[in-house]
1. Find the eigenvalues of the gyration tensor of the Cα atoms of region 120-164, then list the square roots of 5 times those eigenvalues as equivalent ellipsoid semi-axes, largest first, in whole angstrom.
2. Starting with the highest mean, order 21-27, 85-91 by the number of other Cβ atoms within 10 Å, averaged over the residues of each peptide.
3. Please identify every one of the trypsin sites (Lys or Arg not before Pro) in region 138-234 that sits in a loop by DSSP and has no more than 14 other beta carbons within 10 Å of its own beta carbon.
4. Do you know the relative contact order of the chain, to the nearest whole percent, from alpha carbon pairs under 8 angstrom that are 6+ apart?
5. At 7 Å along the Cα-to-beta-carbon direction for both residue 143 and residue 89, put a label point, then send me their distance in nm to one decimal.
6. Which percent of the Cα-Cα distances in the chain go past 29 Å?
7. Less than 12 Å Cβ to Cβ from residue 132, Lys/Arg counted +1 and Asp/Glu -1: what total charge do the surrounding residues give?
8. Given the options 118, 219, 97, state which has the largest fluctuation in a GNM of the chain using a 10 Å cut-off (strictly under) for Cα springs.
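What follows is calculated from the coordinates using simple rules that are stated; it is not laboratory data. Source: prediction; values computed, not measured. Cβ atoms come from the backbone with ideal geometry, glycine included; neighbour counts cover every protein chain shown.
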Amino acid sequence: MKQTFDTEEAIKRWNKFADIYASKHFEQGDLHKEIFLNPTLFTLMGKIEKKNVLDAGCGEGYLSRLISKEGAVVTAVDYSPRMLEIAKSRTENEQMIEYKHGNLEHLNIFEDKCFDIIISNMVVQDLENYESAFQEMYRLLEDGGNLIFSILHPCFVTPGSGWEKTENGEKLYWKVDKYFYEGVYEQALGDEEKMLFFHRTLTTYINTLIKTGFTIESIVEPKPSNKMLEKYPSFEEDYRCADFIVFKLKK
Ligand SMILES: C[S@@+](CC[C@H](N)C(=O)[O-])C[C@H]1O[C@@H](n2cnc3c(N)ncnc32)[C@H](O)[C@@H]1O
């Protein structure tokens, strides 16, 4: 039987992978989140005390917990029931994070204009129908509200990208392939389960966001700070090419 690579299949895989994924996430998430994404996301969010924030695709919930510690009122949504179970089990009662089960592509569980900020960390490349997810996020934001989302950098992380190495394993250069091949591809995370990713070009992302009605306020290609390099020197190699890109948009 031919396999269908769609949202339901993608979520089935995330659900199966949830326990392994969560076992690699701690207070600051994993190393990539600590070094690259958290400093960028919190700088872009600014002061969030008392703001209504939606964590869209919360996973095991480390970011919801960090945002809640900053005094925001946090709602967190994910389509994987197991991820939500783990997120709830990792949340202290007094943190008051409201967890919801839902598909980002159809968020009719929420009313229009109910959030000041939507944050979506490393999720949009997992969505088959990212256009409808952007439309839903736009609908849920207050006028003037911000969507901040991070994804794998679509110019460098493509189907077929990876380090080209010598026989001894020395990294020669990062190879990019199939940039204009938009669509679904399978990617193993470590030695584990193969996940489904949906590749789109940078142009497609930017034009879709503009068509949805968003204004681009800022784009960041995160790299390790000097402080982070002192703590984790091996991440110097991330000055060779960008793994992530983060967008801040305004409704
Ligand atoms: C790479 S993980 C990121 C999790 C979390 N944001 C973090 O930074 O640790 C991707 C998450 O997106 C969720 N996800 C994928 N497709 C989704 C969809 N259509 N609707 C809601 N959540 C989805 C997965 O279940 C998974 O928890």
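1. Working through the eigenvalues yields semi-axes of 27, 11, 7 Å.
2. 85-91, 21-27
3. 178
4. It rounds to 18 percent for the chain.
5. 4.6 nm
6. 28 percent
7. Value of the local net charge: -3.
8. 219
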